[in-house]
Amino acid sequence: MDLNTSKNLGGIGALLLFVTILPYVNIVNYFGIVSLIGVILLLIAAKGLADYYSEGGIFNNALYGTILSIVGVVAFVGVLFYSLVGLLADLGWTGIEAGDIASFVSSFRDVTSLTSLALGDLMGFLRGIVVALVILFVLVVIAAVFFRKSMSLTAKRTGVGLFGTAGMLLLIGAVLTIILIGVFLMWISLLLIAIAFFQIRAQPAQNTAPPSQT
């Protein structure tokens with residue numbers, strides 16, 4: 001893959017991830033289709049840059065970061081689902097058939113049914129939420145460390161310092177995801193990554209002609 005193709009794919013991929021937060025794009029991205037395409041394009045671009053500059057760390061670190069991000073999301077959803085199922089069981093719902101669901105919803109409308117829920121059961125559900133958030137936070141931060149390594153190597157090889165800035169901003173945002181500003185910083189870092197990709201220029205060929213004899 002040539003350098004121009006890699007930089008275009010990377011720029012487009014980063015832009016796709018950047019715009020998925022917008023309302024009109026988020027409708028299309030309901031099942032994560034736009035985000036998935038963006039991630040795939042970025043990984044392809046990272047592989048192309050790694051081959052072009054003979055720097056495997058560009059792709060490897062990006063791949064590790066992507067895998068950890070996916071694991072974090074899956075673990076978060078899994079723990080959250082497990083906690084929710086436990087809470088529903090404590091409320092008296094043990095079936096998955098349509099009739100059971102309808103019966104459960106009907107009984108749940110009665111406010112007095114909530115009084116049967118022990119405080120310990122509710123605290124167990126809240127603990128599950130906290131555990132899920134902690135797992136997601138830890139894995140997202142570790143993933144951001146790998147992404148920053150990839151961006152730093154890309155900045156070094158391409159000469160585009162904006163990659164390093166975007167990588168640092170992504171890491172800071174990941175650490176600050178416990179507050180809203182962290183998510184915003186990570187979102188902005190995607191735009192910077194897109195801009196950085198489009199700023200990549202092919203390195204001029206070195207003049208290898210022997211010096212003239214005088």
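Where a number appears in this text, it was derived from the coordinates with a stated rule and is not lab data. Here the structure is a predicted model, which means the values were calculated and not measured. All Cβ positions, glycine included, derive from the backbone under ideal geometry; neighbour counts span all protein chains shown.
Please give the length that would be gained between residue 187 and residue 1 if that part of the chain were fully extended, namely 0.36 nm times their separation in residues minus their C-alpha to C-alpha distance (nm, one decimal). Don't skip to the answer; put the middle values down first.
Details: separation 186, 0.36 × 186 = 66.96 nm, distance 2.81 nm.
Answer, rounded to one decimal: 64.2 nm.
So between residue 130 and residue 51, what do we pick up on full extension, going 0.36 nm a residue minus the alpha carbon distance? Display every interim value, and only then the final one.
Numbers: separation 79, 0.36 × 79 = 28.44 nm, distance 4.15 nm.
Residue separation times 0.36 nm, minus the Cα-Cα distance, leaves 24.3 nm.
Please give the FRET efficiency for residue 175 paired with residue 36, using the beta carbon to beta carbon distance and R0 = 22 Å, rounded to the nearest 0.05.
Efficiency computed from Cβ-Cβ geometry: 0.30.
Of the trypsin sites (Lys or Arg not before Pro) in region 118-205, which ones lie in a loop per DSSP and count no more than 15 other C-beta atoms within 10 Å? Don't skip to the answer; put the middle values down first.
Values: sites: 127, 148, 149, 156, 157, 201; in loops: 201.
Qualifying residues, ordered by number: 201.
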